[in-house]
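Visitor: Pasting a structure below so you can have a look.
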Amino acid sequence: MKKAAVYRFARIILTAIYLFAAALMQCSVFPHIRLLSVIPDFALCAVVCVSCFEEKRVFAVLAVAVGFLLDIAGAATYVISPVLFLLSAVIACVMSEKFPSLRLLSAAAGTFFGSALSSVICAAILKTKGAPFFEAVLHTALPQLLYTAIVFAPVYLLTKLHYTVFRNEKR
């Protein structure tokens, strides 16, 4: 097997491990590290950051897989995470292809889109359960968006380090 193929295979395997670890951390660690009584979209940040560096087929499969893993681990009633993760990752990927030197901005835009959509969906679900929509947005959606923004910076730096080690600048 060629050396480049081995590096590609190792990169994809380590990326999958990284994303599944992010999903598991979101379900196990972050519920105990709440800020304003919300949990950040840690796995969403990781998936979107990976999409700015990884091949399209690879990040698409991993985004859907991580979304399903989160919904299964969280015993979600509504299975929307795979679609949300894939849509956010595609937005970040398209932006990073158009502006390759602005990957940080592309990842931030994809994360903001996904987190904002997730927050609105969460507020809508709370509204159907009887909570006032304005209160749900003010006390749940906005803090979740803020906490995700705080978590985004270290996740992006870790992802960039991973892809700097493997030097995957081509798609």
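The values are calculated or read from the model by the stated rules, or taken from the named source; none is laboratory data. What you see is a predicted model; the values in this text were computed from it and never measured. Positions of Cβ are backbone-derived with ideal geometry, glycine not excepted, and every protein chain shown enters the neighbour counts. Accessible surface areas use protein heavy atoms only, side chains included; no ligands, DNA or RNA. Shrake-Rupley method; radii C 1.70, N 1.55, O 1.52, S 1.80 Å.
Visitor: Please indicate, with yes or no, whether at least one residue in region 38-51 is within 18 Å of THR140 (Cβ to Cβ), over 12 Å from the mean Cα position of the chain (by Cα) and either surrounded by fewer than 14 Cβ atoms within 10 Å (Cβ to Cβ) or of a type outside the set (Lys, Arg) (or both).
Guide: Within region 38-51, one or more residues are within 18 Å of THR140 (Cβ to Cβ), over 12 Å from the mean Cα position of the chain (by Cα) and either surrounded by fewer than 14 Cβ atoms within 10 Å (Cβ to Cβ) or of a type outside the set (Lys, Arg) (or both).
Visitor: Within region 28-69, which residues are at pLDDT below 90 and either under 15 Å from LEU87 (Cα atoms) or polar (S, T, N, Q) (or both)?
Guide: Matches in region 28-69: SER28, SER37, ASP41.
Visitor: Let me ask something additional. Specify the residue that is nearest to the chain's Cα centre (by Cα); the eligible residues are those in region 118-130 that are crowded, with 16+ Cβ neighbours inside 10 Å, under 19 Å from PHE42 (Cα atoms) and hydrophobic (A, V, I, L, M, F, W, C).
Guide: Residue satisfying both the conditions and the ranking: CYS122.
Visitor: Shifting gears a bit: Which one is surrounded by the most Cβ atoms within 10 Å (Cβ to Cβ), of the residues in region 80-104 that are in a helix (DSSP H, G or I) and β-branched (Val, Ile, Thr)?
Guide: Once the filter is applied, the top-ranked residue is ILE91.
Visitor: Next question, about the same structure. Do the conditions hold for PHE113, that is, is it in contact (Cβ under 8 Å) with a residue 12 or more places away in the chain, closer than 27 Å to SER28 by Cα and open to solvent by 70 Å² or more (accessible area, probe 1.4 Å)?
Guide: yes
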